[in-house]
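One structure below.
Bear in mind these aren't lab numbers, they're just calculated from the coordinates by the rules spelled out. On a predicted model such as this, the values are computed, not experimentally measured, just so you know. Here Cβ is always computed from backbone atoms with ideal geometry, including for glycine, and neighbour counts include all displayed protein chains.
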Amino acid sequence: MSAPARNDNGTTKPTRAAVILPWERPDRQEASRAAEARLAEAVGLTASIGLTVTHTAILPLRAPRPATLIGSGQVAMQGEHIKAAEIDVAIVDAQLSPVQQRNLETAWGCKVIDRTGLILDIFGERAATSEGALQVELAHLEYQRSRLVRSWTHLERQRGGFGFLGGPGETQIEADRRMIGDRIVRLKKELEQVRRTRGLHRSARKRIPYPIVALVGYTNAGKSTLFNTLTGAEVMAKDQLFATLDPTMRGLRLPSGRQTILSDTVGFISELPTELVAAFRATLEEVAEADVILHIRDAAHPDTAAQRADVIAVLDGMVKDGTLDDAWRRRSIEVLNKADLLGGVAGVEARSGTVPVSAVTGEGLDVLRAAIDIRIAEGLDIIDYEVAPEDGGRIAWLYQHGEVMNRVDGEAAIRLTVRLRPADRARFERA
């Protein structure tokens, strides 16, 4: 990695970026996001990796042009702005073909990356665990393989990530399709081993089985802040897109006394690159295994309805490929976070089945814990058992793994009414 560019006085020179949104006229469906909200999101993504955004533009896109996506007049006008603002990299918030990307770079005289490249670069910079790094590298290589028609000899890595934002000179990407293909095969084998290891970990949790509660939601909805507030953990929580890329788990005790495992996961985003959807399947397996899914929404965001639709679309996609069962909605709770920005939970318009909270102030969290408790209980079996008084081990096991609702002590037997997970019931009755 090369050192950042410096000014004549020795200070670090910021990388100046333009964010350009080609925008087709949206339909009138309720979930259509406004162009301004989409541009603000793209600016947030760009700023989250240290780029200084000095120019933005929304360009009406009447018909995509095969050569440049946008019209020739728009290309020329944006070229003037880019030159005047001394832009180092232009972020085009759309999917560009390799030819379109190369033609725009030629016309504008700066590095151009599309939405997929930007998100991959962010993921490459943020992934902290070996699993996350493997997943991002796989996604990067699959994206790169589709662009081998380009000449990559001008790329340079000036910072973290995968070097999409570099300039001329230092690092050259010279791998051909065969070499990339071989590396992809090796990465998939390594990730399969990671999945098997995670499966063993899940099996271990089932032997000491606690219900799993998974947090999902749009990026920057406040999942990690809520996770920290509920569990007392110190997961990275910033006002930043994609602050969390690796799954984290902590214990959470509910009002009934039931112990659960809370799992924080990567945030979703609209038009998530297909390479990343596939590559991050192992991370999302925690959602598939969850007894309760908490869909965390930023209730204060002007585009919250469209963000909700994006998350549901990803989860429904997991149903279609068999990763997630189609009953996920019945075990989910919609959490309307950031109520403190709307005057408190009383100021949040909550429909049936939603819980308004503030992860910052803690308001509404008691109601949320109770709702989780109820949702878990709905998935439990209620059984009556008779256990010999001297069989203290079995009695203790029921208290540890279930919720004892009633107990009647008799001389010949102790009668217990217990809530148990179906798997625990089967284990107890087999023993």
On a full-extension model of 0.36 nm per residue, what is the gain between residue 313 and residue 76, subtracting their alpha-carbon distance, rounded to one decimal in nm? 81.6 nm
In nm, spacing of pseudo-spin labels at residue 52 and residue 133 (7 Å Cα→C-beta vector): 3.1 nm
Report the one residue of 400, 410, 422 whose Cα lies farthest in the direction of the positive end of the charge dipole of the stretch 381-430 (charges on C-beta: Lys and Arg +1, Asp and Glu -1; origin at the Cα centre). 422
To make sure I understand, if each residue's beta carbon is the centre and we count other beta carbons within 10 Å, what order do 180, 382, 376 fall in, fewest to most? 382, 180, 376
Whole-Å semi-axes of the stretch 381-430's equivalent ellipsoid, largest first, each the root of 5 times a Cα gyration tensor eigenvalue? 17, 11, 9
Mean separation of Cα contacts under 8 Å (6+ apart) over length of the stretch 276-431, as relative contact order %: 16 percent
With a Förster distance of 45 angstrom and the Cβ-Cβ distance between residue 360 and residue 390, calculated FRET efficiency to the nearest 0.05 equals 0.30
Can you give me the distance in nm between label points at residue 190 and residue 341, each placed 7 Å from the Cα along the Cα-to-Cβ direction? 3.7 nm
Run the quick spin-label model on residue 271 and residue 377: label points 7 Å from Cα toward the beta carbon, then report their separation in nm to one decimal. 4.6 nm
Calculate, in nm to one decimal, what residue 329 and residue 404 gain on full extension: separation in residues at 0.36 nm each, minus their alpha carbon distance. 24.2 nm
Between residue 63 and residue 367, what FRET efficiency comes out of the Förster formula 1/(1 + (r/R0)^6) with R0 = 45 Å and r the beta carbon distance, rounded to 0.05? 0.35
Globularity ratio of the stretch 210-378, using Cα Rg and 2.2 N^0.38 Å: 0.95
